[in-house]
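This report concerns only the one structure given below.
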Amino acid sequence: MTKKKIIVFTGAGISAESGIKTFRDSGGLWEEYKVEDVATPEAWENDPAMVLSFYNKRRKQVMEAQPNTAHHALVELEKKFDVHIITQNIDDLHERAGSKKVMHLHGEIIKSRSSVDPDLTYMIKGWEINIGEKCVKGSQLRPHIVWFGESVPQMEDAGNLAAKADIFIIVGTSLNVYPAAGLVDFVPHNTPKYLIDPQAVSKDYISNITVKKEKAGIGVPELVKKLLI
Ligand code: OAD
């Protein structure tokens with residue numbers, strides 16, 4: 001029997017209880033830094049050292065963090081369902097928890113990439129990329145991150161997956177950043193949808209949705225338990 005497909009769409013909130021800051025909550029990263037100074041192609045052009053230093057700090061923090069109960073609970077779902085995680089997060093906590101199918105819409109902090117060839121990526125040894133480190137084509141290595149103003153190469157694949165969802169779960173995202181936030185529009189109208197977020201505001205525009213106003217560490221294991229019965 002083919003397993004039902006569960007698509008889980010995650011944002012910064014799922015990693016908050018692992019100690020990784022979100023972006024738009026109070027105390028979030030975008031209060032401390034200006035997006036345009038660190039997360040745009042223009043920032044890279046103007047001050048690559050500053051951009052590398054910003055992501056080096058993020059990478060160190062991710063490497064020191066551990067997956068939390070929410071990441072682990074999603075792995076349990078694989079016992080009964082064909083689970084695909086589509087994450088906006090650049091951390092690797094889903095993979096370290098053991099999730100098998102993870103798509104990173106906004107890139108991966110543990111990888112570097114060529115600044116002339118986006119298909120040329122490398123695993124970073126240690127936690128830093130430094131000025132002077134180059135790809136095989138001789139260009140400076142940059143973080144493997146999708147910056148504001150850049151396209152999201154995997155959006156089409158993500159949309160095709162979302163269109164096949166039997167169950168769609170959203171965890172810890174403010175649904176502010178497009179095109180990623182538009183993923184919900186690909187999910188069939190009748191597909192049951194769940195949203196877990198302590199700040200869950202009205203999501204009336206999403207059909208057939210159950211909102212759980214909880215932190216991921218509580219809400220995700222509860223939902224997983226229910227779905228596994
Ligand atoms: P945001 O910082 O915009 O939103 C975080 C969400 O997580 C909010 O809705 C919070 O209420 C929720 N949250 C906080 N703590 C939580 C917890 N313990 N459990 C569950 N939810 C919690 O982060 P994203 O929506 O992921 O892009 O941001 C989207 C994109 O904007 C990011 O991928 C990043 C950023 O700029 C790039 O860098 C390209």
- Query: Do any trypsin sites (Lys or Arg not before Pro) in the range 1-74 lie in a DSSP loop with no more than 11 other beta carbon atoms within 10 Å, and if so, which?
  - Reply: LYS34
- Query: In nm, to one decimal, how far is the modelled label at THR121 from the one at SER207, with both set 7 Å along Cα→Cβ?
  - Reply: 3.3
- Query: Taking 0.36 nm per intervening residue step and subtracting the Cα-Cα distance, what contour gain separates SER139 from LYS226 on full extension?
  - Reply: 26.3 nm
- Along the positive direction of the dipole of the range 1-40 (beta-carbon charges: Lys, Arg +1; Asp, Glu -1; about the Cα centre), which of THR2, ILE20, VAL35 reaches farthest? THR2
- Item | Separation in nanometres of the label points that stand 7 Å from Cα toward Cβ, at SER53 and MET103 | 3.7
- Item | Sparse-neighbour loop sites [chymotrypsin sites (Phe, Trp or Tyr not before Pro); the range 151-229; at most 15 other C-beta within 10 Å; DSSP] | TYR205
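Net charge around VAL51, counting only other residues with Cβ within less than 9 Å of its Cβ (Lys, Arg = +1; Asp, Glu = -1)?
-1
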- Query: Mean shadow of the range 27-184, computed from the convex hull of its alpha carbons, in nm²?
  - Reply: 9.9
- Cα-centre dipole for the chain with unit charges at Cβ (Lys and Arg positive, Asp and Glu negative), debye to 20: 860
- For the chain, what is the percent of antiparallel DSSP beta bridges, rounded to the nearest 5? 30
- Under a Cβ-Cβ cut-off of 15 Å, what is the net charge of the residues other than SER112 that fall near it, where Lys and Arg count +1 and Asp and Glu count -1? +3
- Item | Chain lengthening between ASN176 and GLN61 when straightened (0.36 nm per residue, less Cα-Cα) | 39.0 nm
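No value in this document is a laboratory result; all are computed from the given coordinates. The structure displayed is predicted, hence computed values, not measured ones. We place every Cβ from the backbone using ideal geometry, glycine too, and count neighbours over all the protein chains shown.
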